[in-house]
Structures are given as C-alpha cells and as structure tokens.
Amino acid sequence: MKKIFLLLSFFICVNAFSQLLSSNLEKKTLALGEVDHLVIKIDNLKSNAVITAPKNELLPFHFEEIKDSISINANTYERKIEFAVYEEGTFKIPELEFKVGQKLLKTIPYEIEVINTATKEDQINDIMKNKEVDLEVTDYWQLYKWYLLAVIAFVCLVITIVMILKYGRKSKDSPVVATNQTLKELDSLKKKKYIEEGNYRSFYVELIDISRKFIAKQYRIPADVLLTDDLIVLMKENNTISQDNEKIVEDVFLRGDLVKFAKTFPDKDLMEKDFAEIRDFVQRSSKDIEFENLRKDV
C-alpha cells in the first residue's frame, strides 16, 4: 500500500508541474466547403513561451483556414481554428507540434472525410444579390478606352494606306517632276541677266548644262557625258525625242559649242530665241514621253 501511495503521489506531482496539451475537432465528416473547428489548449504554462507555426499556417495545404485566433496568458495557451475543405476525399491533419520551453508537445492526428452533398436537381442560387452600380462617362471610358483607341488606330492606318495608294507623292523621276524642276532652273538662269549684260559665254554654258541634265533624266539618254556630235547621233537613232525638239537641241548645242571656243558671237535676240526654244522644248517633253509609252504598248 505504501508503494502504491508513493506512485500515486509521484504522478500527481508530475501532472501538477508539467504542461498538459489537449485538442478537439468538432466534425470528422464534412460537406464540401462546410466550416469545421479545431481547438488546441495547453495548460500549466508557468509563463513559458509557446513556439509553433504562425497564424493561418498551422494546417496542411488542403485545409483552407478561415480564422485562426490565439489567446494566451501566463498559464494557458488556447488556439481556435476555423477551416473548410473544397475537395472531395479523405484528408489527414497530422500531429501538430508545440514547443513549450524545452519540451515538445504533439496533438493526436485526425482524419477527415469530405463529401459532395450536391445533386443535379439542386438549384444553384447566388450567395449575394447582384448590386446595381450607376456608371458615369469616365467609368465607361476606363472600361473601353483601349478597344476604342485600337479601332481608331486601325481606321487611321487603313485611311493612310488608301491615301498613299491613291494620292501618293509622284515619283521624283516622273516626267512632270523633271519638267517642273528644269523650268525652275531656267527661271533662275534668266534672273542672272546674262542676256541683258551680253555675257553670252556664261549664258550658253549654263543653258546647255541645264539642258543636258534634263535630257539625261527625262529621256534616259546619257547627254551629260556625251559630246555634242555623239548626242545628236544618239537622239536621232533613239527616236524618243520628236524631230522638232531634236532640231532645237541640235541648233542650240552646236551654237553653244561655237560660243565656247569664241567662233561665234550671238546677239541678245538670238540668245532670247535660244532660251525660249529650250524652255518650250522642256515644256513639250512630256508629250514625247507619252508618245513613247504608247509606242511601247503597241
């Protein structure tokens, strides 16, 4: 009897001075999404700190913790967890560890079965009624601005492509552009007043230089590199320039060569005539190009 009494006294003392951990699970069978409660309590802390997983991280992956509240004082630690499971099956809550001072305490493991209680005939209802919200113009702009900007950008792109195809700039090599450019150069030559001053040499040098560049560009004849005699022969063989225009070019170019070598001295009237004829030749050149294109088509 004395031994029994001593053993009882020993266990009573141990229990009186050691921590006691208890846990309680409310339900072991749950419907999908149903809320369950787990309560864990540690008594007789004696101001020892409790070390365990932080809030909302105590339970395994499949357990969606809704609420995790902890209350603690000098002698008691209590933790209440609300959770739900959103998959069917059997899931296990393992032993949960709590370190109190130098002592490691563990809860008992639990096994929970989750079932789907819904049937095909069940009517699905909204949890909350839809809330009507009055939207202003700025709200609609924020919702649809990128779609609207994308449409505007697409329309602008289409318009740009159509305009380029239909009204695109004329090629710099087109007959009209070449003609207009040469007429401007001739007008600039006229403003230098070589004719009025009797500076026939400078006048014919620049007049022929402008004409050679024009013929090379407009008729694709290398007039800027050929000698006058060779150019006249090539023009007649080429048949691109009309006979009237050929005659003008031939007369002015031959006279210009004579002026360069001081073999002739033209007066102002002749200089005016040559200038006017070259200008007319430049203006009529587009007709030569049109005729040549028709001839090639035929």
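The values are calculated or read from the model by the stated rules, or taken from the named source; none is laboratory data. Just so we're clear, the structure is a prediction, and the values are computed from it rather than from any experiment. Here the Cβ is made from the backbone with ideal geometry for all residues, glycine too, and neighbour counts use every protein chain on show. Just the protein is used for accessible areas: all its heavy atoms, side chains included, with ligands, DNA and RNA removed. Shrake-Rupley method; radii C 1.70, N 1.55, O 1.52, S 1.80 Å.
The mean accessible area for residues of the range 226-280, using a 1.4 Å probe and ignoring ligands and nucleic acids, is 57 Å² per residue. In this label model, residue 260 and residue 57 are separated by 9.5 nm, measuring between points 7 Å along each Cα→Cβ vector.
Stretch residue 132-residue 148 to full length: gain in nm at 0.36 nm per residue minus the Cα-Cα span?
Details: separation 16, 0.36 × 16 = 5.76 nm, distance 2.49 nm.
Contour length minus the Cα-Cα distance gives 3.3 nm.
Summarising the amide proton neighbourhood of residue 31: residues at separation of 5 or more, or on other chains, whose placed amide H is nearer than 5 Å comprise 115. Between residue 224 and residue 70, the modelled labels are 8.9 nm apart [label points 7 Å from Cα along Cα→Cβ]. Within the shell defined by Cβ-Cβ distances under 14 Å, the residues around residue 71 carry a net charge of +2, with Lys and Arg each +1 and Asp and Glu each -1. Across the range 203-213, coupling constants 3J(HN,Hα) worked out from phi with the 6.51/-1.76/1.60 Karplus curve, θ = phi - 60°, read 4, 6, 4, 6, 4, 5, 4, 4, 5, 4, 4 Hz, and Gly and Pro carry x. Between residue 197 and residue 162, what FRET efficiency follows from the Cβ-Cβ distance if R0 is 41 Å, with the result rounded to 0.05? The calculated FRET efficiency here is 0.15.
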